[in-house]
Structures are given as structure tokens and as C-alpha cells.
Amino acid sequence: ADVNQHAIGDCCAMAVFASMAYLYPGFIKSIITDNGDDTYTIKMFDPQGQPVDVCVSSKILCDANRNIGQVTGKNNAVTWATILEKALMKWETLYQVDGVEGIGTEHVSPLFTGNGDGYAFSPNSLYTSELKLFIEYSLSQGNITVGGFNVGDLQCGKLKTVTGHAFTFMLSNDENSIFAMRNPWGIEDVDGVLEIPDELTAVQTIDVRVVSPGAAAPYLREDLKPYTPPHFIRRITDL
């Protein structure tokens, strides 16, 4: 599963979607129903934590050149994330709780999982070794784990840090990195993955937000592996 581009929704929402795809691909499949009439029903939770079905049409905002104005997959293709973002926008419009722009991780995840329990660490709260162990533990427990940086332009693998932006924590394929943080916009050939080096310069700038998985818990991948950028070939049906 992939979350790639973004135009309307907040980056925190996209980072949460990416975390769900990384940890719970089966859960995503379980909450979206294609009604067969150009509409989709998404299983969500209301502000009181009660199950609610949110129905959205297949109409997606585009410009005159057919460029999609919402989150997409590779090559401007509509994906499950496009539908979830539309459901999120409808939910926020109906309940008027947070709004879409600037919505935090702890306010996105509960809409789909029904559980808002969570906590956070501010930058420079943990030693590097502690942060590494915590991220590995949090992911092993299936927690939605999202964070960011308070200093920009720091080199982390092929990409640099960006402030005011949300990233998804993932395991790393790089033996010289303590973990990876993926930009949900899917930048460059590494698909937005920043390899976090074992050095204070970058690590001390990281904040972490953790939210319990709630209804997604039974769908946790049994053997979680480092993230590998997917490769896609666009089909005629994607156009």
C-alpha cells in the first residue's frame, strides 16, 4: 500500500495513513466497502467512539488537466488513501471537531480505529539508544507512530529533514541507521524515506507521537520488516 502525494489533507493525516498501511494493510481493506454504484462505505467512529458508516462518492477533485487535488498514489492514480481522505473530510465537515488542515496524529487515527489513547516525546527527551529501542518497541506493539523534526535541512540518507511536517516511523534497511522516517509525499527514488543516522545532530531534533491501534490491532502484520519502496506500473483503469 502506498500514500504518495497530497494537496488538501494535512500531512499528519497522510503520515497516519502511511503508518496504517505499513502496520495494518489488512485493516485498511476491512474498513472500505465498494458498493458497486460509484460509492464507497468506510467504517469509522463518531466523536463518542461509536461505530459509524461514512459513505462517499467516487467523484474526486481535479483540475482542468485531470491532476487530482487530493492524496494519490503513484502517477496521479486514485487509491484507497484518496477514499479515506475524502471520508475524513466529510467526517470533519459533519462533526466540526478539528478541521482538516493542521489536524494532529492523535485526532486522525481514532476516526478509523476508535481509540485515541496516546502520548508523545518532545525533541531531545530521550537518549539516542532509548529512542531507537522505543521506536522498535512501539512498532512491534502495532502503535501508530508518527513524528517530525524541529530543525530542517539535515541530511538523512538521500533526503533532508523538513520542519512543520509529519513523517511515519519505520524500520530501516540501512545498517548505519537507527530507524527510518518516511515522508508521506513519497519523494525521490527512496519514496520519501529518511534514514536516521546514529548521531545527536539529527536525533535530538525528532519528536514522536504514538497512538494505540484500537480496532486495527487484530490485523497487525506478524513479521514486520523494514520498508521497501514499491514499484508500480500504471494500468488503463488508473487513468
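The values are calculated or read from the model by the stated rules, or taken from the named source; none is laboratory data. These figures come from a predicted structure and were not determined experimentally. As a convention, Cβ positions derive from the backbone with ideal geometry for all residues, glycine included, and neighbour counts pool all protein chains shown. These area figures cover heavy atoms from the full protein model, side chains too; ligands, DNA and RNA do not enter into them. Shrake-Rupley method; radii C 1.70, N 1.55, O 1.52, S 1.80 Å.
Points worth noting:
- E188 versus D174: modelled label distance in nm, points set 7 Å from Cα along the beta carbon direction: 0.9 nm
- Protection-proxy order for peptides 32-42, 114-124, each taking the mean of Cβ atoms within 10 Å per residue, highest first: 114-124, 32-42
- Gyration tensor verdict on region 97-149 (Cα atoms; rounded if a/c is under 1.5, prolate if a/b is larger than b/c, oblate otherwise): oblate
- Extent of region 106-239 along its three principal axes (Cα atoms, max minus min coordinate, largest first): 46, 34, 29 Å.
- Bins of 5 Å from zero: percent of alpha-carbon pairs in the chain: 1, 6, 14, 19, 21, 16, 12, 7, 3, 1, 0
- For peptides 128-139, 78-89, 19-30, sequence by mean Cβ density within 10 Å, most packed first: 78-89, 19-30, 128-139
- Using a Förster distance of 45 Å, the FRET efficiency for Q141-A64 (Cβ separation, nearest 0.05): 0.45
- For region 71-163, diffusion coefficient by Stokes-Einstein and Kirkwood Rh (Cα), 10 °C, 1.306 mPa s, µm²/s: 99 µm²/s
- Dividing the mean sequence gap of close Cα pairs (under 8 Å, 6+ apart) by how many residues the chain holds gives a relative contact order of 24 percent.
- With every protein chain in place, the chain: carbon and sulfur % of accessible area (1.4 Å): 50 percent
- Electrostatic dipole magnitude of the chain [Cβ: Lys, Arg +1; Asp, Glu -1; Cα centre; debye, to 20]: 460 debye
- Here the extension length gained between C55 and K29 equals 7.8 nm, from 0.36 nm per residue of separation less the Cα-Cα distance.
- Spin-label model, K225/S122: points 7 Å from Cα along the beta carbon direction are separated by 4.0 nm.
- In this structure, T39 and L133 have a Cβ-Cβ separation that, at R0 = 45 Å, corresponds to a calculated FRET efficiency of about 0.50.
- Rounded if a/c under 1.5, otherwise prolate or oblate - region 149-211, Cα gyration tensor axes: rounded
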